[in-house]
Amino acid sequence: MDLHFEELLGQITDFIKTEAKTETVVGEQFELGKFKCVPVIKVGMGFGSGGGEGVEAKTNARKGQGAGAGAGVGIEPIGFLVTKEDQISFIEAGKIHGLSAAFEKVPDLIERIVDKRSKEPVTS
């Protein structure tokens, strides 16, 4: 068995180059009225490989060999760069702001009030 780590690593790298693109995760840039929006992603990747062979101690002949390799990629949309004329700003994805954030907290607030009232002593 011939081990070709460089070839394998090259194939994995080529795969990641084609898949870890903004276009494949969130899409191409687009225009919304006077605004141009460019999606932004965060990419994290890791590689690992190993191999070895064993020999028989008495005859120093090849006994066997083995190898393995792996890669992982995490891709996450994080926001949009938005331009209008000469102004540019960044809008985060997945973050709740303003009134939406207040409405998201309402169930927790109600639960706390109910818990507090249920613990208060009843007076007649």
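The values are calculated or read from the model by the stated rules, or taken from the named source; none is laboratory data. Bear in mind that the values here come from a model prediction, so they are computed numbers and not experimental data. So basically every Cβ, Gly included, is an ideal-geometry build from the backbone, and we count neighbours across all protein chains shown.
Here are a few things to note about the model shown:
- Just one of the listed residues (G51, G27, G33) is farther than 30 Å from K84 by Cβ and of a type in the set (G, A, S), and it is G51.
- The residues of region 39-90 that are among the acidic types (D, E) and not in a strand (DSSP E or B), listed by number, are E56, E85, D86.
- Test result for K36, in a strand (DSSP E or B) and exposed (fewer than 12 other Cβ atoms within 10 Å of the Cβ): no
- Residue within region 46-55 that is surrounded by 12 or more Cβ atoms within 10 Å (Cβ to Cβ), at pLDDT below 75 and in contact with a strand residue (DSSP E or B) (Cβ under 8 Å, 6 or more places away or on another chain) present: no
- First in region 52-77 and closer than 30 Å to E92 by Cβ, second anywhere and part of a loop (DSSP other than H, G, I, E, B) and at pLDDT 80 or above, Cβ under 8 Å, 6 or more apart: P77/A93
- Selection of first residues in region 4-24 that are among the polar types (S, T, N, Q) and of second residues that are in a helix (DSSP H, G or I) and surrounded by 11 or more Cβ atoms within 10 Å (Cβ to Cβ), restricted to Cβ pairs under 7 Å at least 6 apart or on distinct chains, gives an empty result.
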